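Some notes on the structure that comes next.
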Amino acid sequence: MWEEWVVRAFARVNNNFLSYLPKVCLAKPSAEEDPLADVETFDGPGPWDRTLLEVEVEDPTAPAKDGEPARNRMLLFSANDYLNLSTHPAVRKASAKAALAFGMGPRSSAMASGQTEYHRRLENVLAEMHKKEACVVTPTGFAANTAFLSALGGVATHNAASRRPAAHEKIAVFSDALNHASIIDGLRMMERHHQTVVSVYRHSDMQHLDELLSNCPLERKVVITDSLFSMEGDFAPMLDLVQLRKKHRFLFVIDEAHTAFVCGRNGGGIGEVYGIEDQIDVIVGTLSKAGGCLGGFVACSQKWSDLVRVTGRPYIFTTASPLPVIAGAYAAVTVAKKEVWRRQALWNRVQEFATLTKHPATSPILSLVVGSEDAAIYASKHMLERGFHIIAIRPPAVAPDACRLRVTLTTGHSSEDVRRLVAALSECIPGLNRPADQVVARL
């Protein structure tokens with residue numbers, strides 16, 4: 001039924017516009033100048049993988065030198081560049097070539113002249129990676145979620161008998177309590193336009209979700225969830241959600257912001273891990289984290305893709321991503337797929353942290369809750385003094401009594417980095433460290 005509703009909504013707003021829209025094609029560069037030609041990959045890490053891990057930060061407490069603020073060297077454990085692709089030679093080369101050949105590219109909305117063949121090639125490889133018919137690339141991950149939810153709201157509006165959907169024509173959306181702010185804001189936008197009834201289920205509580213779905217009288221139901229929660233570092237119960245999808249026949253939407261390129265043999269995300277790509281209707285993701293670049297995407301059916309392009313306001317009314325970013329992202333996707341060792345190295349670091357501590361680490365996001373805001377700031381200051389860039393996570397990102405340190409591991413971190421990290425953390429987070437005899441036993 002969802003595909004029928006999408007087709008009907010598209011027919012109400014399209015008026016053959018997409019078929020009329022000319023596809024912008026840039027001057028064909030020579031083989032040496034082609035940004036997407038010859039994406040080089042490697043069998044192991046290189047010095048570039050540490051470029052943005054070993055950084056310097058200004059020290060306001062130290063006296064200035066030659067008129068410049070004093071700096072301290074830090075090891076970065078606070079970024080989301082999980083595979084360290086932002087400094088990969090292939091990404092740098094593709095971005096630089098694109099800038100030299102085309103500057104920033106056409107500066108307009110994708111619906112005008114901003115969408116080029118390079119954007120389309122990136123969309124094609126992302127769709128293939130996630131086993132979907134089509135893909136829409138957006139300037140940010142935030143825009144990807146809000147653009148899709150804007151299009152979802154359009155299903156209610158453009159299938160309604162009058163200008164505003166009646167109560168029974170609205171879409172029932174069930175959202176995990178800890179979903180990302182971009183999902184929350186997108187749902188608020190839908191509520192403002194009287195397109196949806198939103199129900200928030202307790203975090204990863206499948207019994208609660210089942211009850212809410214069972215008691216919902218609306219025909220159009222959607223479940224949306226992060227695949228890996230950015231503040232908790234835990235995964236959504238994907239197999240349980242798939243079973244509920246079979247039972248209740250809802251549209252299943254996941255935000256793969258922290259699992260795209262990180263999970264799965266080929267980097268295809270959580271769906272590839274479980275082999276359930278066909279059970280996930282829409283995948284929203286980002287190119288700004290493990291992709292090492294900037295942007296977002298919506299991988300979906302061709303019908304959903306068409307609807308997002310003509311009704312997703314954050315897509316329509318935003319200038320398309322610059323060509324150097326698109327070229328770099330294309331290279332990053334290619335590298336992420338081919339350099340399988342990067343994912344293995346990342347998950348090795350996760351296992352090492354779990355082995356050395358009592359923390360049940362299951363992902364590269366390590367959420368170390370300390371309680372109050374003051375406690376989190378104190379712990380962060382301690383880590384900064386010890387040479388680790390880790391910041392306190394405070395409201396509104398988390399509840400006032402659940403402030404924490406959020407540590408992120410990457411491919412570029414070494415086993416020795418993890419050992420030093422654990423030693424420093426154990427000085428400000430009581431009970432974190434595992435007794436030495438237990439460490440030896442587990443290793």
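The values are calculated or read from the model by the stated rules, or taken from the named source; none is laboratory data. Just so we're clear, the structure is a prediction, and the values are computed from it rather than from any experiment. All Cβ positions, even for glycine, are placed from backbone atoms using ideal geometry, and neighbour counts span all protein chains on display.
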Query - Failed criterion for residue 163 (all others in (1) among the charged types (D, E, K, R); (2) touching a Phe, Trp or Tyr at 6+ places or on another chain (Cβ under 7 Å); (3) over 28 Å from residue 280 (Cα atoms) hold) - result: (2)
Query raised in the report: Considering region 197-220 alone, what residues qualify as being buried (at least 20 other Cβ atoms within 10 Å of the Cβ) and either touching a Lys or Arg at 6+ places or on another chain (Cβ under 9 Å) or of a type outside the set (Ser, Thr, Tyr) (or both)?
Result: 209, 213, 220
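Just checking, does region 288-296 include any residue being at pLDDT 95 or above, assigned by TED's automatic domain parsing to the domain that holds residue 118 and under 30 Å from residue 165 (Cβ atoms)?
Taking region 288-296 and keeping what is at pLDDT 95 or above, we get 288-296.
After this cut, where a residue has to be assigned by TED's automatic domain parsing to the domain that holds residue 118 as well, the list is 288-296.
Okay, now just the ones that are also under 30 Å from residue 165 (Cβ atoms), so 296.
Yes, region 288-296 has at least one match.
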Report task. Check 338, 381, 289 and return the single one that is basic (Lys, Arg), without any contact (Cβ under 8 Å) to a residue 60 or more places away in the chain and under 26 Å from residue 50 (Cβ atoms). Result -> 381
Query raised in the report: Just to be sure, is residue 100 closer than 30 Å to residue 422 by Cβ and in contact (Cβ under 8 Å) with a residue 24 or more places away in the chain?
Result: no
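Give me the residue from region 182-196 that is touching a residue at least 12 places away in the same chain (Cβ under 8 Å) and not in a loop (DSSP other than H, G, I, E, B) and, out of that set, surrounded by the most Cβ atoms within 10 Å (Cβ to Cβ). It would help to see each step written out before you state the result.
First pass over region 182-196, keeping only residues touching a residue at least 12 places away in the same chain (Cβ under 8 Å): 182-183, 185-187, 189-190, 193-196.
Going one step further and asking which of them are not in a loop (DSSP other than H, G, I, E, B), we end up with 182-183, 185-187, 189-190, 196.
Working: 182: 24, 183: 23, 185: 13, 186: 29, 187: 24, 189: 17, 190: 23, 196: 26.
Step by step, filter region 182-196, then rank; the result is 186.
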Query - Index of the failed condition, residue 174 passing every other in (1) surrounded by 18 or more Cβ atoms within 10 Å (Cβ to Cβ); (2) within 20 Å of residue 142 (Cβ to Cβ) - result: (2)
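Let's see how each residue does on (1) over 26 Å from residue 4 (Cβ atoms); (2) over 18 Å from the mean Cα position of the chain (by Cα); (3) without any contact (Cβ under 8 Å) to a residue 40 or more places away in the chain; (4) part of a helix (DSSP H, G or I):
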position	(1), (2), (3), (4)
145	no, no, no, yes
149	no, no, no, yes
179	yes, no, no, no
204	yes, yes, yes, no
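Here is a yes/no grid of residues against (1) in a strand (DSSP E or B); (2) in contact (Cβ under 8 Å) with a residue 24 or more places away in the chain; (3) of a type in the set (S, T, N, Q); (4) crowded, with 24+ Cβ neighbours inside 10 Å:
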residue	(1), (2), (3), (4)
278	no, yes, no, no
294	no, yes, no, no
299	yes, yes, no, yes
304	no, yes, no, yes
307	no, yes, no, yes
321	no, yes, yes, yes
Query raised in the report: What residue, among those in region 334-371 that are touching a Lys or Arg at 6+ places or on another chain (Cβ under 9 Å), part of a helix (DSSP H, G or I) and not basic (Lys, Arg), is surrounded by the fewest Cβ atoms within 10 Å (Cβ to Cβ)?
Result: 340
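Is it true that residue 285 is in a loop (DSSP other than H, G, I, E, B) and crowded, with 20+ Cβ neighbours inside 10 Å?
Values: in a loop (DSSP other than H, G, I, E, B): no; crowded, with 20+ Cβ neighbours inside 10 Å: yes.
Here the answer is no, as residue 285 does not meet what is asked.
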